[in-house]
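In what follows, a structure is listed as structure tokens, so that the remarks can point back to it.
The values are calculated or read from the model by the stated rules, or taken from the named source; none is laboratory data. A quick note: this is a predicted structure, and the numbers were derived from the prediction, not measured. All Cβ positions, glycine included, derive from the backbone under ideal geometry; neighbour counts span all protein chains shown.
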Amino acid sequence: MEHKAPEYRTANIRIRLRPSEYDRLKAFAGGNISGYSRSVVLDHMAGGSSIAGELLALRTEIGKIGNNINQIAKHLNEGGSPDITSLGDTIADIQKQINRRLVKVR
């Protein structure tokens, strides 16, 4: 396995702020302006909050799907039989929803 030498943060960016802006930023960043600014900029470059929002929505949907699977498993374990007559349309609808969400994330 090839080991890479550690890459240190040596590049600098300078911005001008009014003293009031600087004070607000420092308070908001918890005193670590450099770390906070780096985090915000790199997050924005990676797609920012739009990706985070989409991932949260996907997580919610996956949770709902898991709940549905648990309900199906319970039904089947209690001796019920599956009703597969309308699954074709349901599966196609789910595929469309997943594809729409994936397009937004990409």
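Could you count how many residues in region 50-80 are basic (Lys, Arg) and at pLDDT 90 or above?
Of the residues in region 50-80, 2 are basic (Lys, Arg) and at pLDDT 90 or above.
If you go through region 56-80 one residue at a time, how many are part of a loop (DSSP other than H, G, I, E, B) and exposed (fewer than 10 other Cβ atoms within 10 Å of the Cβ)?
2
Is it true that Lys4 is surrounded by 10 or more Cβ atoms within 10 Å (Cβ to Cβ), more than 24 Å from the chain's Cα centre (by Cα) and at negative phi?
Against the criterion (surrounded by 10 or more Cβ atoms within 10 Å (Cβ to Cβ), more than 24 Å from the chain's Cα centre (by Cα) and at negative phi), Lys4 does not qualify.
Can you find, within region 87-104, the residue that is farthest from Gly53 (Cα to Cα) among those that are at pLDDT below 85 and of a type in the set (D, E, K, R)?
Filtering first and then ranking leaves Asp89.
The conditions are (1) assigned to a helix (DSSP H, G or I); (2) acidic (Asp, Glu); (3) modelled with pLDDT under 85, and Asp83 fails exactly one of them. Which is it?
For Asp83, the failing item is (1).
Quick one: Thr10 ticks every box in (1) surrounded by fewer than 10 Cβ atoms within 10 Å (Cβ to Cβ); (2) among the hydroxyl-bearing types (Ser, Thr, Tyr); (3) within 25 Å of the chain's Cα centre (by Cα) except a single one, so which number is it?
Exception for Thr10: condition (3).
With the requirement that a residue be at pLDDT below 85 and surrounded by fewer than 12 Cβ atoms within 10 Å (Cβ to Cβ), what does region 23-49 give you?
Leu42, His44, Met45, Ala46, Ser49
What are the residues in region 73-106 that are among the charged types (D, E, K, R) and more than 30 Å from Ala46 (Cα to Cα), if any?
Lys74, Glu78, Asp83, Asp89
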